[in-house]
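To start, the structure under review is shown below, and the notes come after it.
The values are calculated or read from the model by the stated rules, or taken from the named source; none is laboratory data. Predicted, not measured: the structure shown is a model, and the values here were computed from it. With ideal geometry, Cβ positions are generated from the backbone for all residues, glycine too; neighbour counts draw on all protein chains shown. Surface accessibility is based on the protein's heavy atoms, side chains included, excluding ligands, DNA and RNA. Shrake-Rupley method; radii C 1.70, N 1.55, O 1.52, S 1.80 Å.
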Amino acid sequence: MFEKTGVATREMVMTKFPPMERINKGPVAVVECYQKIPCNPCQTACPAGAIRIGDDINNVPQRDESLCTGCGICVSKCPGLAIMIVDGSKSAETVEFRIPYEFLPLPEAGEQVVGLDRAGQPVCSAKVLKVMNPPAFDRTPVVTLEVERKYLYDFRNFRREAKAHG
Ligand code: SF4
Ligand code: SF4
C-alpha cells in the first residue's frame, strides 16, 4: 500500500513513535523516514547523537528516544519534512506537536486550524501555539500545535481554515 500511495500505514507509523511513557515525559522526535535514501542531515544536525544512520548513508535513520532531548533542531533540517516532535507532558487531554510547515501565509499563534492525517484528509481541529521561522531554519518554519490526545497517531499536518467571505 505504501509503495502505491506513499502514505504510511498505522503499523508503519507506530514503529516510529516511542512508548507512551516517553512521550508523556516530554518532547521527543518522531522520525518518519521509511525508505532507504542517500540522506543524513538529521544525523549530522542532532547535537545529542540521538539519530543514527551508520556507515551506509542509505540506511533508514534510527532515533534513540533515551538520548533525544526534543530540542527540535532536526525538524527544520530534514529536506523530506519527515520529522516532528511530540510532547505529551503538558496535559492528560492533549498533546503538542512541532511540525515543519512550508506553506504561506503562515498561521498565527492562537489560530484554530484543520488537522490533517497522513493522507491529507481532515481528521481533527488543532490550535496553533507558536510559529518559529528564524534564518537558521532555512525557510522551513516550524509550527507548534495542540491536538486532542486521541489523534496522536493520526495528526500529521494542518491547513488553515478558509476565511468566510462577506
Ligand atoms: S529533537 Fe534534538 S535531540 Fe532529538 S533527535 Fe532531533 S536534534 Fe536530536
Ligand atoms: S534528513 Fe529526513 S529524509 Fe533525510 S534521512 Fe533524515 S529523516 Fe530521512
I need the phi-derived Karplus couplings for segment 97-103: 6.51 cos²θ - 1.76 cosθ + 1.60, θ = phi - 60°, integer Hz, Gly and Pro marked x. 10, 10, 10, x, 8, 10, 8
How large is ³J(HN,Hα) for each residue in segment 118-125, as worked out from phi by the Karplus curve 6.51 cos²θ - 1.76 cosθ + 1.60 (θ = phi - 60°), to whole Hz, x for Gly and Pro? 5, 8, x, 8, x, 9, 6, 9
Would you compute, from DSSP H runs of 4+ residues alone, the mean residue ellipticity of the chain at 222 nm, taking -39500 (n - 2.57) per run and dividing by the full residue count, rounded to the nearest 500? -3500 deg cm²/dmol
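Would you mind estimating how fast the chain diffuses translationally, via Stokes-Einstein at 10 °C and 1.306 mPa s with the Kirkwood radius over Cα pairs, in µm²/s?
97
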Starting at the first residue of segment 42-52, write each ³J(HN,Hα) from the Karplus equation 6.51 cos²θ - 1.76 cosθ + 1.60 with θ = phi - 60°, in whole Hz, x for Gly and Pro. 4, 5, 6, 7, 6, x, 9, x, 8, 10, 10
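Around PHE97, what is the net charge, scoring Lys/Arg as +1 and Asp/Glu as -1 over all other residues with Cβ under 9 Å from its Cβ? The partial results should precede the final answer.
Working: positive: ARG98, ARG156; negative: ASP87, GLU96, GLU146.
Residues close to PHE97 contribute a combined charge of -1.
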Magnitude of the charge dipole, the chain, Cβ model with Lys/Arg +1 and Asp/Glu -1, debye to 20: 120
Could you give the accessible area per residue of segment 2-160, probe 1.4 Å, as a whole number in Å²? 52
How much length, in nm to one decimal, is gained on full extension between ASN58 and ARG159, taken as 0.36 nm per residue of separation minus their Cα-Cα distance? 33.2 nm
Figure the gain on full extension for LEU104 and CYS124 (residue separation times 0.36 nm, minus the Cα-Cα span) and round it to one decimal in nm. 5.1 nm
Here the residues of segment 12-26 lying in the modelled label zone of ILE37, meaning backbone nitrogen under 19 Å from a point 7 Å along Cα-to-Cβ, are 12-17
Amide H partners (placed H, <5 Å) of LEU116, local residues excluded: VAL123, ARG156, ASN157, PHE158, ARG159
Can you tell which of LEU106, PRO79, MET14 lies farthest toward the positive end of the dipole of the chain, using +1 and -1 charges on the Cβ of basic and acidic side chains (Lys, Arg; Asp, Glu)? LEU106
Computed label-point distance, nm, for sites CYS71 and SER89 using a 7 Å Cα→Cβ extension: 1.5
What distance in nm separates the simple spin-label points at THR5 and VAL114, each placed 7 Å from Cα in the Cβ direction? 1.8
As straight-line cross-link partners of LYS127, the qualifying lysines (C-alpha separation under 20 Å, not fewer than 8 residues apart within one chain) are LYS90, LYS150, LYS163
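Express the carbon and sulfur contribution to the solvent-accessible surface of segment 2-160 as a percent, rounded to the nearest whole number, probe 1.4 angstrom. Please list the in-between numbers first.
Numbers: 4330 of 8260 Å².
After summing per-atom areas, the C and S share lands at 52 percent.
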